[in-house]
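Comments concern the structure below.
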Amino acid sequence: MEKQKFYMTTAIAYTSGKPHIGNTYEIVLADSIARFKRQQGYDVFFQTGTDEHGQKVELKAAEKGVTPKEFVDDVAGEIKRIWDLMNTSYDKFIRTTDEDHEAQVQKIFKKLYDQGDIYKGYYEGMYCTPCESFFTESQLVDGKCPDCGRPVTPAKEEAYFFKMSKYADRLIEYINTHPEFIQPVSRKNEMMNNFLLPGLQDLCVSRTSFTWGIPVSFDPKHVTYVWLDALTNYITGIGYDCDGNSSDLFKKNWPADLHLIGKDIIRFHTIYWPIFLMALDLPLPKQIFGHPWLLQGDGKMSKSKGNVLYADELVEFFGVDAVRYFVLHEMPFENDGVITWELMVERMNSELANTLGNLVNRTISMSNKYFGGVVENKNVCEPVDEELKAVVTSTRDKVAEKMAGLRVADAMTEIFNLFKRCNKYIDETMPWALAKDEAKKDRLATVLYNLVEGICIGAELLESYMPETSQRIRTQLNAKKRSYDELSSFGLYPSGNKVTEKPEILFARLDVKEVLEKVEAKKAEEAKPEETEEPGIDIEPKDEITYDDFMKMQFQVGEIISCEAVKKSKKLLCSQVKIGSQVRQIVSGIKAHYKPEDMVGKKVMVLVNLKPAKLAGVMSEGMILCAEDENGELALMVPDKNMPSGAEIC
């Protein structure tokens, strides 16, 4: 029997910089859906990628002093690195700078122009560079961009426009007759009431004020504007050909079953994209889900606010699966979620270390302690066993129901309810008490078997969300991977199997104070200015000397054996300096820079054959050499290595 296909996409990440954890949430969310669909037996094709053209990229590249292509190559590589770090199982990573994508965008633009959907005109309005969007004065909010709240600038330029109104009624009818098309329902109502029903304006689809984009083939001073370029990745990435020679992959997978996007770009995906598809005579995607945002404790993440969290720094503290757990489980279906370091630690300790980690550890430890690791089903049953089995065997379908509605956090809650029921079962059956009675040994074996079996099914269901943890649990329990159909059956763990001798700690408990201290220390280290080469000091040159002049001076290493301040002097220290077998008294004007006790034991550079002289009434028999900066600060000249006193300096 041929598998049912499931084609899903994320929004392609814009290559303006490193993605923060809010951006990363989307790829992890999509991955959990893709993995679960595969587990159910679907033939999944999961596409993600990067959106790489536009004025914002052109400006950022100029700031960096590199070409736009060099800039996006670097950022796209960083995005892909983080997607891979988070263990996401995408099948295709498309870049809008890919040659095949660019060629198809040019064909699509020409086709739409030839059939009268695109026309040339002039645009005059307010432009938001970060959002790459034009707005009329009436659309602004407090004179700023209605999408991001940033300032806008007046803009006027020649442009091509798409006749959106031509397809508006058809789209309204489609949305009304396909209630599953836009999810959650609140997003659908927003699009209908705020944009479609009041009447659509024609959409600008080309620009002439910058050059970093896909040129319009028949009018190369124009480049294709972001949305006609970016949105079409969903079809070009699977082999759509505007000339009618589309690939088998496209024929098999289109229409997409799910476009997973952030709520901030719902308008472009539920209005512009369906209308482009209608104009191309292609079926519309089955569902577009606008997920909420993951916010830092003090609001939406922003580099300017300094509240940005990145996936790789969170992974450094908590590990990949703990971060995956948090962003998936803490995000509500429709409302924004919140992430903080404190909340991460709390969930790590309560849910991961305690509910899950401790359950696995206790079960394996008791199996080893009481039965040498051998797990046998002796079928000595009590009513409490049936209650456990009922929870375990019903969890698969509960998870499937939640996932069908894209309620991923709720699906994970069902799995952790299974683990919590297993923990409760330990409290109810008290294996440690059963172990004291030899007559109850078979009952004890049955209890531990039920626990291992329950954990096996829970771990298998956990795989879509925490794949590494799922595998680690299976390995420790010496359990084989199970099919989706087997996850509602209890008792498939082979009786007589042996668990690992030493259980591995899945998640270690953390101290929130220690974590916060480490975070602050890391921030402080990163905030340090980069070391730069010192400019050096230029001084007034003295008359040249000959080699013979230099050879008249005798420099040796001296060791200071005692030092005291010179009375009646604010500047002078008197040091007793051992040079070879001799001790010389040397007076130096360094009192402002060194304390007498700090001088003792130092090895210094001494000019030995300087004619003795009295300074402040004290005889000086040489000179200790120092360096002086432009502020008059002094530093003793000391040997790089430990040299004996009296060593010649040459």
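The values are calculated or read from the model by the stated rules, or taken from the named source; none is laboratory data. Computed from a predicted model, the values in this text were never measured in an experiment. Cβ sites come from the backbone with ideal geometry, for glycine too, and all protein chains shown count toward neighbours.
Here's the yes/no breakdown for (1) touching a residue at least 12 places away in the same chain (Cβ under 8 Å); (2) in contact with a helix residue (DSSP H, G or I) (Cβ under 8 Å, 6 or more places away or on another chain); (3) under 14 Å from ALA11 (Cα atoms); (4) surrounded by 15 or more Cβ atoms within 10 Å (Cβ to Cβ):
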| site | (1), (2), (3), (4) |
| --- | --- |
| TYR42 | yes, no, no, yes |
| GLY49 | yes, yes, yes, yes |
| LYS56 | yes, no, no, yes |
| LYS64 | no, yes, no, no |
| THR88 | yes, yes, no, yes |
| PHE93 | yes, yes, yes, yes |
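Between residues in region 185-199 that are on the phi > 0 side of the Ramachandran plot and residues that are modelled with pLDDT of 90 or more and surrounded by 12 or more Cβ atoms within 10 Å (Cβ to Cβ), which pairs lie under 8 Å by C-beta distance while being six or more apart or on different chains?
Taking only residues 6 or more apart or on different chains, the pairs are GLY199/SER165; GLY199/ALA168.
Select, from ALA400, ALA404, ALA433, the only residue that is within 30 Å of PRO332 (Cβ to Cβ), surrounded by fewer than 17 Cβ atoms within 10 Å (Cβ to Cβ) and out of contact with any strand residue (DSSP E or B) (no Cβ under 6 Å at 6 or more places or on another chain).
Exactly one residue qualifies, and that residue is ALA404.
Here is a yes/no grid of residues against (1) closer than 30 Å to ASN245 by Cβ; (2) within 32 Å of the chain's Cα centre (by Cα); (3) of a type in the set (D, E, K, R):
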position	(1), (2), (3)
THR97	yes, yes, no
LYS111	yes, no, yes
ASP117	yes, no, yes
GLU124	no, no, yes
THR136	no, no, no
ARG150	no, yes, yes
PHE162	yes, no, no
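Confirm whether GLN576 is surrounded by 14 or more Cβ atoms within 10 Å (Cβ to Cβ), in contact with a Ser or Thr (Cβ under 7 Å, 6 or more places away or on another chain) and more than 26 Å from ASP549 (Cα to Cα).
Here the answer is yes, as GLN576 does meet what is asked.
Do we find a residue being among the charged types (D, E, K, R) and under 25 Å from ASP264 (Cβ atoms) anywhere in region 112-128?
No: zero hits.
Go through region 307-326 and count every residue that is closer than 16 Å to PHE507 by Cβ and in contact with a helix residue (DSSP H, G or I) (Cβ under 7 Å, 6 or more places away or on another chain).
11
Of the residues in region 337-359, how many are of a type in the set (A, V, I, L, M, F, W, C), under 18 Å from ALA311 (Cα atoms) and in a helix (DSSP H, G or I)?
Restricting attention to region 337-359, the residues satisfying the condition of being of a type in the set (A, V, I, L, M, F, W, C) are 338-339, 341, 343-345, 348, 352-353, 356, 359.
Checking which are under 18 Å from ALA311 (Cα atoms) leaves us with 338-339, 341, 343-345, 348.
Next, only the ones that are in a helix (DSSP H, G or I) stay: 341, 343-345, 348.
Here the count works out to 5.
Would you check if SER464 is of a type in the set (S, T, N, Q), touching a residue at least 60 places away in the same chain (Cβ under 8 Å) and over 22 Å from ASN87 (Cα atoms)?
Taking the combined requirement at face value, the residue does not satisfy it.
If you check every pair at least six apart or on different chains, which have Cβ atoms under 7 Å apart with a residue in region 333-349 that is of a type in the set (A, V, I, L, M, F, W, C) first and a residue that is assigned to a helix (DSSP H, G or I) and exposed (fewer than 15 other Cβ atoms within 10 Å of the Cβ) second?
TRP341/LEU516; TRP341/VAL519
Within the set of pairs 6+ apart or on separate chains, which have a first residue in region 274-298 that is β-branched (Val, Ile, Thr), a second that is assigned to a strand (DSSP E or B), and C-beta atoms under 7 Å apart?
So the pair list comes out as ILE288/ILE182; ILE288/HIS259; ILE288/ILE261.
Hey, among GLY491, GLY454, which residue is touching a Leu at 6+ places or on another chain (Cβ under 7 Å) and in contact (Cβ under 8 Å) with a residue 12 or more places away in the chain? If you could, list the steps in order and put the result at the bottom.
Details: GLY491 fails: touching a Leu at 6+ places or on another chain (Cβ under 7 Å).
Of the residues listed, the single one that is touching a Leu at 6+ places or on another chain (Cβ under 7 Å) and in contact (Cβ under 8 Å) with a residue 12 or more places away in the chain is GLY454.
Could you please let me know if THR208 is touching a strand residue (DSSP E or B) at 6+ places or on another chain (Cβ under 7 Å) and surrounded by fewer than 18 Cβ atoms within 10 Å (Cβ to Cβ)?
It is true that THR208 is touching a strand residue (DSSP E or B) at 6+ places or on another chain (Cβ under 7 Å) and surrounded by fewer than 18 Cβ atoms within 10 Å (Cβ to Cβ).
When residues of region 279-329 are filtered for being touching a Phe, Trp or Tyr at 6+ places or on another chain (Cβ under 8 Å), assigned to a loop (DSSP other than H, G, I, E, B) and modelled with pLDDT of 95 or more, how many remain?
7
Determine if region 513-520 includes at least one residue that is among the β-branched types (Val, Ile, Thr), in contact with a strand residue (DSSP E or B) (Cβ under 8 Å, 6 or more places away or on another chain) and modelled with pLDDT of 90 or more.
no
Run down ILE537, ILE561 and say which single residue is in contact (Cβ under 8 Å) with a residue 12 or more places away in the chain, under 18 Å from ALA627 (Cβ atoms) and either hydroxyl-bearing (Ser, Thr, Tyr) or surrounded by fewer than 16 Cβ atoms within 10 Å (Cβ to Cβ) (or both).
The match here is ILE537.
Return the residues of region 614-639 that are loosely packed, with under 12 Cβ neighbours inside 10 Å and either over 60 Å from the mean Cα position of the chain (by Cα) or touching a residue at least 24 places away in the same chain (Cβ under 8 Å) (or both); say none if nothing qualifies.
LYS614, GLY617, ASP629, GLU630, GLU633
Table: residues versus (1) within 30 Å of LYS166 (Cβ to Cβ); (2) not basic (Lys, Arg).
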residue	(1), (2)
LYS60	no, no
VAL72	no, yes
SER89	no, yes
GLU102	yes, yes
LYS110	yes, no
TYR113	yes, yes
TYR119	yes, yes
GLY125	yes, yes
ASP147	yes, yes
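Return the residues of region 391-410 that are under 33 Å from the mean Cα position of the chain (by Cα), in contact (Cβ under 8 Å) with a residue 40 or more places away in the chain and part of a helix (DSSP H, G or I); say none if nothing qualifies.
Selection gives THR395, ARG396, ASP397, VAL399, ALA400, MET403, VAL408, ALA409, ASP410.
Could you tell me whether any residue of region 325-342 is surrounded by 17 or more Cβ atoms within 10 Å (Cβ to Cβ) and under 30 Å from LYS441 (Cα atoms)?
No, that holds for no residue.
For region 251-264, name all the residues that are part of a helix (DSSP H, G or I) and surrounded by fewer than 18 Cβ atoms within 10 Å (Cβ to Cβ). Show your work before the answer.
Narrowing region 251-264 to residues part of a helix (DSSP H, G or I): 251-253, 263-264.
Hits for region 251-264 are LYS251, LYS252, LYS263, ASP264.
Does region 71-86 contain any residue that is β-branched (Val, Ile, Thr), closer than 29 Å to ASN194 by Cβ and touching a residue at least 60 places away in the same chain (Cβ under 8 Å)? Talk me through it step by step, then tell me what you get.
If we filter region 71-86 for residues that are β-branched (Val, Ile, Thr), which is where we start, we get 72, 75, 79, 82.
Filter once more, so that each one left must be closer than 29 Å to ASN194 by Cβ: none.
No, region 71-86 has no match at all.
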